[in-house]
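> Next up is a structure, given as C-alpha cells.
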Amino acid sequence: MKPKVAVLFGFGINCDHETKAVFELVGAEAERIHVNRFVSGDASLEAFDILAVPGGFSFGDHLGSGRLLGNRMRFSMRDALMAFVNAGKPIIGICNGFQVLVKTGLLPGPEQGSSPDFLQRGSLTLNDSGRYEDRWVTLEFDPESPCIWTKGMSRIECPVRHGEGKYVMPTASDIDRLALNHQLTVRYVDPTTSVGEGITDELLPYPLSPNGSMRNIAGICDSTGLVFGLMPHPEAIYARWLHPTHTRHEPGPDNPGLDGWEGEGLQLFRNAVEYVQQRS
Amino acid sequence: MRDVRGDVVRRQLNADHAVSVTQVRSICGYLINAEASSEDITARVDDLFADPIIEHGATNTMLLTSDAFPETPDAVITVGFKPGVTDNPGKAATDGYLTLFPTDVGATIATYLTYVFYGLPADCDVNWLAGTLHNTLIERALVAGPEECQTRSWPEIQFPTPPEQVFIEPQSIDLECDDATLEAISNDGLLALNLNEMHAIQAHYRDAGVRAQRTSMNISPNAPTDVELECLAQTWSEHCKHKIFASKIHHVDHETGEDTIVDSLFKTHIMQPTHDMQEEVDWLLSVFHDNSGVIAWDDSWSVCMKAETHNSPSALDPYGGAMTGIVGVNRDILGTGLGARPIANTDVFCFGPPDWEGTLPENLFHPSRVLRGVHAGVRVGGNESGIPTVNGAIVFDDRYIGKPLVYCGTVGIMPRHLPDGRPSHIKTPVAGDIVYMVGGRVGYDGIHGATFSSLELTEESPSSAVQIGDPITQKKMIDMVLEARDANLITCITDNGAGGLSSSIGEMAEYTNGCEIDLAKVPLKQAGLSPWEILVSESQERMTIAVRPGDQAAFEALADLHEVEATAVATFTSTGMFHVRYNEATVAYLPIEFLHDGVPQLELESEWNPPVQESFVPPADADHSSLLEAMLQRPNIASKETWVRQYDHEVIAQTAIKPFVGVERDGPGDAGVIAPIHGDPHGLVISCGIAPRYSDLDAGAMAAASIDEAVRNAVCVGLDVDKMAGLDNFCWPDPIESVKTPDGRFKLAQLVRANRELERVCRAYRLPCVSGKDSMKNDYGTGADKISIPPTLLFSLFGDHPDVRQSATSDFKFSGDVIYLVGSSKQELGASELAYMMTESGSTAGIGGQVPQLPHPERNLATYRALASSIRAGWVRTAHDCSEGGLAVALAEMCIGGRIGAFVDIDGTGEANVWGRLWGESLGRFVIAVPPQHEAAFLSAMKGHHTTVLGEVVDDATLTITDGDDVLVSMEVGNMAQVWKGRLDLTGGMV
C-alpha cells in the first residue's frame, strides 16, 4: 500500500516540491495541494493518510510567522483537521509549517486524550541574533519520545533556514509538562558531544543553538506523537550530495538508498510512511 | 521575552555610528479602515495582530501609555510609509483580517513601527536618529524627544491616504516646432529622447498615409497623443533598445593608429559569435530574443538564465530598489518560452567602502547603509520567493559611492516539451488570442522607470521611480502560472518590467503583428490614473499572458484558486498596428514596425589613449606575513559570511556546492552547483567573474579577466567545459561625449575594447553568450563633483555538471595531500588588490603596470578541460581559483576552509619575481590538492599543461610560504580565520 501524502502549498509556502519528492523517495504517493482546495472543499483531507505543511514564507511572515496561514487553517479547515488528527493520521510541519502548527494550536496541543482545541500554547519568535540565517546544525532526538516520525533516529545534521525559530512558552512549567511526556522530540546539540549525550536543558551558545530557543528546542510533538513539527529541514539532507562537506568524504555503500548516497534526513519520512503501512 | 526587533536597532546604532543606547523596544502598529466595530476588532486582537504568548496587544489606545511601558523613554520614533508606497505587511494584515471578517471586503490596513529608546546619550539628536531609521523618499517619521516624552505627548500617526489622482484626458502634443522646443518637450516630460529621435517621431506624423489612417481612426492626425509619445519614449529608451550597443561607432586607436567604423557592438561582438557557435552545437535552444537564454540540459529538461541590474532605484531606495531587482529578474525567467520555473538566484553588488569616512555628495547614502538596504532587499526578495541564492560577489571601490551596482541573476528550469507536445522554449501566439494582465495592479508607483534609468541621478530624480517589491503576491503568481503552463493554457508570456504594458504587449504583438488594448479594463491600485500612465507604469509583480479564447474559463478558474488577479486587457491581431483604446476612444495607433524599428541609429565617437597611471613599484623588502594579515582584511577579500549566510542558499533541496564549504562551513565556495531533479545527481554549475579595477589600466583586460574568472570558478567544482553558456552584463559610465561627459570618447573606447576582448575570449572558450544586458548611465553629478563608476562587466556562467557527487571544493582536506599550482605566474601586479592596498596606505606611488593578460585562451581551455576531468574522475577534491590577492590569499582561504595548515614553496611557479608570484593576479591559475594515491593519474591527465608542485597539506595549523630558502609567510590558521571573518561582520555583535 502506498500511503497518500497531502503536501500543502500556496501563499508563499516554498518547500513543497522537495517535500513531495522525499515522500515519494520512501514509497509514498505525494501530491501538492493548494490550501484553497481544502478550504473550498474541492479536495478532501480525509482522502489522505499523511499531511505535510512544508517550509516557506506563507504570507511573508507578516504579523508573525505562520500566523495568517495558521488562521486560514484554524478557521477554515478546523473540522477536517480535527477529524484527521482524531483518525490518528500523522502530520508534519517543517520550518514555516512548524510555525503554522504552533500558531493553529495543533502543537504542542492539549493534554493526552483530548481532541485538538486549536489553542495556541507556545510560540516561535525572532532569533536572538535578529537575523534570518541559513546554517547547518546538529540535532539529537529524544529516544523516548512518542513521536512516530523520529523512531530509531539518534543524531542528524541538517540546515536551519529561518528568522523566527526561537521556541518559547509562557512558563517553565509549561515546558516541564512537555518534557515529562518526552514531547521535546528534537533539540540542538553540540556536535562535539557523544551521540546520545548531546541533549541538555542548558542554553547552548550561538550558533550551536541558532536562535536561542528555550532548552535548545528544535522541534516538538503532540501528546500522541503523530503531530510533529521542527524548525530545521530534514528534507534538505535527503541525499548526501547536499551535505556541505560531502567533498571531504569518500562515498561508501553504508546506507540503504540512492546508491549509497541516501542522506540521513530521509529516515524521518520513511518512519511515517512505514507507520501508516503497518497500521493498515 | 526579549524584544529582538528593537535590539537589532540598538546593535546597528552601535555598529554603524558608535552610538550606545541602553535599550530599544518596538511596537508594531496597525491602522484599520473597516466596517467592523471597534469592539469586534478588539475581541480578535490576539487572533491576528498580537501573538498572545509573546506580545502585548491593545486597540484605540497607545501601547506606550499602558503597563507594557512603565518607564518614561528618552525618545519615541514612529515610522510609516508615505501614501501610495507598497505596504506589504499592511496587505498581509488586510488579507488576515478578511479571514476573520469575510464580509468586510472594503477594509484596508496600513502598518507602522514605533521605536522606543531608553538610555539615549544626551548629545544624540533625535531627528538625526530618525534619519537613520527611515528613508524620506518612501517613509515618514514622527519624532518625540526627551521633553515630549516627559510630558507624554507622543504624536499619533495617521492613515496614509493617497491624494486624489486627477484623470487627464489623452491630448495631442504638437511637434511642429523648432528644435529647441522639441528638446524641451523631451526633457520636461522625462522622455529621454534625443533630437534625432524627436525628428524621427516628427517625420512619422508628417507622412500623408499615416495622417489619412489616423483620421479614419478618429485620433489626432498630425501629432502624437501623450499616450503615443510616452509609449515611444519607453520603447525607444536606452534601457529597452540598447541604443549605445546598437550604435555606429567611429573608433580611433592612438596606440595602433587604427581608424574604423563598428556597426553595432552587440551584433558584431556578442550576437555573431554566439550564432556561429549555435551552428556547431545542438544545445543552444534560444538566444537573445527571449527574456532569458535557454539551453538544453538533458532530454527532458532545459535551463535558462538571465541577469539584470537595478542600480538607479537601489541608489534612491536601497531596500526597495534591490528587492524589485531580484523579483524582477525572477519574472524574466517566468516569462521565458512558455514559462520557466526560477530555481536559483545570483547576487553581485558593487558598493563604496563600508567604512568610508570622506564626505558624501548630496542625496547619496553612506555605503554601509546602501549595503544594508540592498542586502535586505535581495534577502527578503529571494528568501520569500523560495529561490536559493547560490552564487554571488560583493565588490568595493570608492567610485561606487556615486552609483551602487546591483546585479541580480536567476536560473530557471522547464520541461523540454509541454504535455501537449509544444517545445516549451517557443512562444506560440496567434491573432485572436486573449491577452491577460496577471498579478499586481497598476499604480502611480513605477512611472518612468525605464526612461529614468537612462538618465543620470540628480537631486530631482523622481520618487515614483522607486518601488517596493511584493514577493508573496509574486510567489502566488508564479505558482499559478506554472500550473497554467502545465495545463497547456499559455500561448505567450512575458514580464511586465521596464515600460510596463507598452513594452510587454508591444513586444509580444510582434509575433502576430498587431494588438488591440483597452486600458479602461486594466485594474488599478488607485482610481484616476490617466491612460498614458496606465500604459507605461512599471508597477511590479505583473505578467502579460496570452491564452486561446476557448481556454479563458480554465485560466480564470486557476487564477481564482490561487487568489491571483487576472484580467483580459487586450487581443492579438494581425493588423500591423499597436492599437490602444480607452473604452471606445482610440488613444494610440502606431505601426508595430515604427514602434520597434523606427528609432534612428546613434552615431558615436570613440578614441583610445591608454590611461596614464603611476607605476606600482613594491619595495625591495617587506614583511609578507603582515601584508597577508592586512590583505585578508581588505573588504574585497574579507569573508562576506555574515551577509551571505542570511540568504537561503539551499531551499528546493538541490544545492550540492554551497557558498560555504569546509569543516567549519565558512570557506569560500568558488561556484554554486545544483542538482535540481530530486534523486538525480545530474548537476548545473553557476558562477561569475568580475574585475572592475582592471579598467583603470585597460577595460579590455577587465573583460577578459571577468570571463576567465567565471570559467575558472566553474572549473574548480567540476564543470563540463564543453557545455557552458554565459551572460554579459555591462555597467558603464555614460560613454556619449557631451558637455556633461567631456571624456565620452575615452569611455566609449573602453567599451569597444571590452567587447572585442569578450568576442576573442568567448570564441576561444567556445562559450556562447546567450543573454545579456547593459546599464550605461552610471554617473553621479557633474563637473568637478562628477563620480563615474569604473567600467564593469559582470560575466555570469551556467554549465553542465554530469554528476555532482564528483565535485571539488576549496578547503584543504587531509595532511599529506599534495598541493599544485595549475597555470603559471607572470609579472602582472598592475591594478592588483595589493597595488591598491599599498597605494592607498601611501607605501607605493600608484597601481600602474602590467594588468593580467590572456594571450592564448585556447591553451587555457585545454588546461581547464584536463583539470575539470581530473575533478570529475575523483582524483582532485580540492581546487580553488587564484584571483584577487593572488596565490597568498588563495592558499590562506584554503587553509581556513580546512582549518589545517600548508607548507608551500613558490620557487619555480613562473617567470615573475617574488611579488608577482606571491601577490600577482595572473589569469588561468588554480591551486589544487591531490591525495598521494591519485597523483600519478592526475599528472598523466595534466601532461602538457603548466602544473607545478607547491608543497603539501600539513597537520600543523600554520600556513608557511617560502621562496626556496626564504620564508615569506608564516601565519597561524586560526588567526587568519579571525581577521578574514571579522572585517565585514557589521552585525554589532550578538547581545
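> Please list, in chain and number order, the residues 5+ apart from B:Ser615 or on another chain whose amide H is under 5 Å from its amide H, with Hs placed from the backbone.
Counting only residues 5 or more places away or on other chains, the set is B:Gly848.
> Separation between the B:Asp40 and A:Met82 pseudo-spin-labels, each 7 Å from Cα along Cα→Cβ, expressed in nm?
With each label point 7 Å from Cα toward Cβ, the separation is 2.3 nm.
> So for chain B, averaging the separation of alpha carbon pairs under 8 Å that are six or more residues apart and normalising by length, what relative contact order in percent results?
12
> In square angstrom, what is the accessible area per residue of segment B:179-243 with a 1.4 angstrom probe?
Here the residues of segment B:179-243 average 38 Å² of exposed surface.
> Which loop-located chymotrypsin sites (Phe, Trp or Tyr not before Pro) does segment B:659-730 contain, where loop means any DSSP state but H, G, I, E or B and the Cβ has at most 15 other Cβ atoms within 10 Å?
Passing sites in segment B:659-730 do not exist.
> Within 15 Å, Cβ to Cβ, of B:Val166, how many net charges do the neighbouring residues add up to if Lys/Arg are +1 and Asp/Glu are -1?
Charge balance in the 15 Å sphere: -4.
> Per Stokes-Einstein, at 4 °C and 1.567 mPa s, what whole-number D in µm² s⁻¹ belongs to segment B:939-988, with the Kirkwood radius over Cα pairs as the hydrodynamic radius?
D, rounded to a whole number, is 92 µm²/s.
> Another question, then. In segment B:4-150, if the dipole is taken from +1 on Lys/Arg beta carbons and -1 on Asp/Glu beta carbons about the Cα centre, which of B:Thr72, B:Ala15, B:Tyr30 is farthest to the positive end?
B:Ala15
> If you don't mind, another one. In whole Hz and in residue order, list the ³J(HN,Hα) couplings for segment B:114-124 that follow from phi through the Karplus curve 6.51 cos²θ - 1.76 cosθ + 1.60, θ = phi - 60°; x for Gly and Pro.
Per-residue couplings from phi come out as 10, 9, 10, 9, 10, x, 7, x, 4, 8, 8 Hz.
> In deg cm²/dmol and to the nearest 500, what is the mean residue ellipticity at 222 nm of chain A if only DSSP H runs of at least 4 residues count, each as -39500 (n - 2.57), divided by the residue total?
Using -39500 (n - 2.57) per qualifying helix, the result is -7000 deg cm²/dmol.
> Still on this structure, I have one more. With all protein chains present, how much of the accessible area of segment A:4-279 (probe radius 1.4 Å) comes from carbon and sulfur, to the nearest whole percent?
Summing carbon and sulfur atoms, their accessible area is 48 percent of the total for segment A:4-279.
> Taking every residue in A:26-34, how many Cβ atoms of other protein chains lie within 10 Å of its Cβ, on average?
Across the residues of A:26-34, the mean count of other-chain Cβ atoms within 10 Å is 1.
> How do B:245-254, B:839-848 rank on mean C-beta neighbours within 10 Å, highest first?
Per-residue mean Cβ counts within 10 Å order the peptides as B:245-254, B:839-848.
> At a 1.4 Å probe, which residues in segment B:528-567 are at least 20 Å² less accessible with all protein chains present than in their chain isolated?
Buried by 20 Å² or more upon assembly, which counts only protein chains, are B:Leu561, B:His562, B:Glu563.
> Same structure, new question: Ignoring ligands, DNA and RNA, what percent of the 1.4 Å accessible area of chain B is carbon and sulfur?
49
> Rounded to the nearest 5, what is the percent of antiparallel bridges among the DSSP beta bridges in segment A:1-153?
Close to 10 percent.
> So what is the 222 nm mean residue ellipticity for chain B from helices alone, if each DSSP H run of at least 4 adds -39500 (n - 2.57) and you divide by all residues, rounding to the nearest 500 deg cm²/dmol?
My calculation for chain B gives -9000 deg cm²/dmol from helical runs alone.
> Another question, if that's okay. Indicate, rounded to the nearest 5 percent, the antiparallel portion of the DSSP beta bridges found entirely in the protein assembly as shown.
Taking every DSSP beta bridge with both residues in the protein assembly as shown, the antiparallel ones total about 75 percent.
> Once you charge only the Cβ atoms, +1 for Lys and Arg and -1 for Asp and Glu, what is the size of the charge dipole of segment B:4-150 about its Cα centre, to the nearest 20 debye?
Roughly 400 debye, rounded to the nearest 20.
> Further question on the same structure: Which one, A:Gln267, A:Gln112, A:Gln120, has the greatest fluctuation when you compute a Gaussian network model over chain A with C-alpha springs under 10 angstrom?
A:Gln112
> Something else: Give me the inter-chain shielding for B:673-684: mean count of other chain Cβ atoms within 10 Å, whole number please.
Per-residue shielding by partner chains comes out at 3.
> Next up: So who's got an amide H within less than 5 Å of the one on A:Gly165, skipping anything under 5 residues away but keeping other chains? H placed 1.01 Å off N, in plane.
Correct list: A:Thr125, A:Asn127.
> Between B:Ala180 and B:His17, how high is the FRET efficiency from 1/(1 + (r/R0)^6) when r is the Cβ-Cβ distance and R₀ = 51 Å? Nearest 0.05.
Plugging the Cβ-Cβ distance into 1/(1 + (r/R0)^6) gives 0.55.
> Run the numbers on segment B:179-243 and let me know its relative contact order in percent, using alpha-carbon pairs under 8 Å that are six or more apart.
Reported relative contact order: 27 percent.
> Calculate the dipole size of the protein assembly as shown relative to its Cα centre from +1 charges on Lys and Arg beta carbons and -1 charges on Asp and Glu beta carbons; express the result in debye to the nearest 20.
2300
> Let me ask something else. So what's the gap between the Cα centers of segment B:787-817 and segment B:93-155, to the nearest angstrom?
Spelled out, the Cα-based centre of one part sits 44 Å from the other.
> Going by average Cβ density within 10 Å per residue, which order do the peptides B:328-341, B:274-287 take, highest to lowest?
B:328-341, B:274-287
> First measure r as the distance between the Cβ atoms of A:Val195 and B:Asp985, then evaluate 1/(1 + (r/R0)^6) with R0 = 41 Å and state the FRET efficiency to the nearest 0.05.
For A:Val195 and B:Asp985, the calculated efficiency is 0.80.
> If N is the number of residues in the protein assembly as shown, what value comes out of its Cα radius of gyration divided by 2.2 N^0.38 Å?
Normalised by 2.2 N^0.38 Å, the Cα Rg of the protein assembly as shown equals 0.91.
> Taking every pair of alpha-carbon atoms in segment B:179-243, give the share separated by more than 17 Å as a whole percent.
Tail of P(r) above 17 Å: 42 percent of Cα pairs.
> Residues of A:69-82, mean number of Cβ from any other protein chain within 10 Å of their own Cβ, rounded to a whole number?
Counting other chains' Cβ atoms within 10 Å and averaging over A:69-82 gives 2.
> Kindly point out which whole DSSP H helices in chain A project their C-alpha atoms 18 angstrom or further along the helix axis while averaging a Kyte-Doolittle hydropathy of -1.0 or above.
A:266-279
> Give me a comma-separated list of calculated 3J(HN,Hα) values for segment B:504-519, in order, Karplus coefficients 6.51, -1.76, 1.60 applied at θ = phi - 60°, integers in Hz, x for any Gly or Pro.
Going residue by residue, I get 5, 6, x, 6, 5, 5, 5, 4, 9, 6, x, 7, 9, 10, 10, 5 Hz, with x marking Gly and Pro.
> To the nearest 20 debye, what charge dipole does chain B have about its Cα centre, counting +1 at the Cβ of each Lys and Arg and -1 at the Cβ of each Asp and Glu?
Its charge dipole is roughly 1460 debye.
> Order the peptides A:42-53, B:468-479 from the highest to the lowest mean number of other Cβ atoms within 10 Å of their residues.
Descending packing order for the listed peptides: B:468-479, A:42-53.
> If you don't mind, there's one more thing I want to ask. To the nearest 100 Å², how much accessible surface do chains A and B hide from each other in total, with a 1.4 Å probe?
The contact between B and A buries close to 5900 Å².
> Percent relative contact order of segment B:808-991, based on C-alpha pairs within less than 8 angstrom and at least six residues apart?
Relative contact order here is 36 percent.
> Subtract the Cα-Cα distance of B:Glu664 and B:Val612 from 0.36 nm times their separation in residues, and report this length gain in nm to one decimal.
14.3 nm
> Using alpha carbons only, how many angstrom separate the centre of segment B:339-377 from the centre of segment B:549-572?
So the separation of the two Cα centres works out to 38 Å.
> Apply the Kirkwood formula to chain B: the hydrodynamic radius equals the inverse of the mean of 1/r over all pairs of different alpha-carbon atoms; give it in Å with one decimal.
Evaluated on chain B, it is 29.8 Å.
> Let me ask something additional. Can you pull out the trypsin sites (Lys or Arg not before Pro) in segment B:918-991 that DSSP calls coil and that have at most 11 other Cβ atoms within 10 Å?
When the trypsin sites (Lys or Arg not before Pro) of segment B:918-991 are filtered for loop state and at most 11 Cβ neighbours within 10 Å, B:Lys943 remain.
> Grab the beta carbon distance between A:Asp174 and B:Ala122, set R0 = 56 Å, and tell me the FRET efficiency rounded to 0.05.
0.85
> Sticking with this structure for a sec: Please list 3J(HN,Hα) in residue order for segment A:209-222, calculated via the Karplus relation 6.51 cos²θ - 1.76 cosθ + 1.60 where θ = phi - 60°; whole Hz, with x for glycine and proline.
9, x, 9, x, 3, 4, 6, 6, 6, 9, x, 9, 10, 7
> Hey, what's segment B:727-855 come to in accessible area per residue, 1.4 Å probe, Å²?
Solvent-accessible surface per residue comes out at 27 Å².
> Counting residues in segment A:129-280 as N, plug N into 2.2 N^0.38 Å and put the Cα Rg over that result.
1.05
The values are calculated or read from the model by the stated rules, or taken from the named source; none is laboratory data. Owing to the predicted nature of the structure, the values given are computational and were not obtained by experimental measurement. A quick note on method: Cβ atoms are made from the backbone with ideal geometry, for glycine too, and the neighbour counts reach across all protein chains shown. We work out accessible area using only protein heavy atoms, side chains counted, and drop any ligands, DNA or RNA first. Shrake-Rupley method; radii C 1.70, N 1.55, O 1.52, S 1.80 Å.
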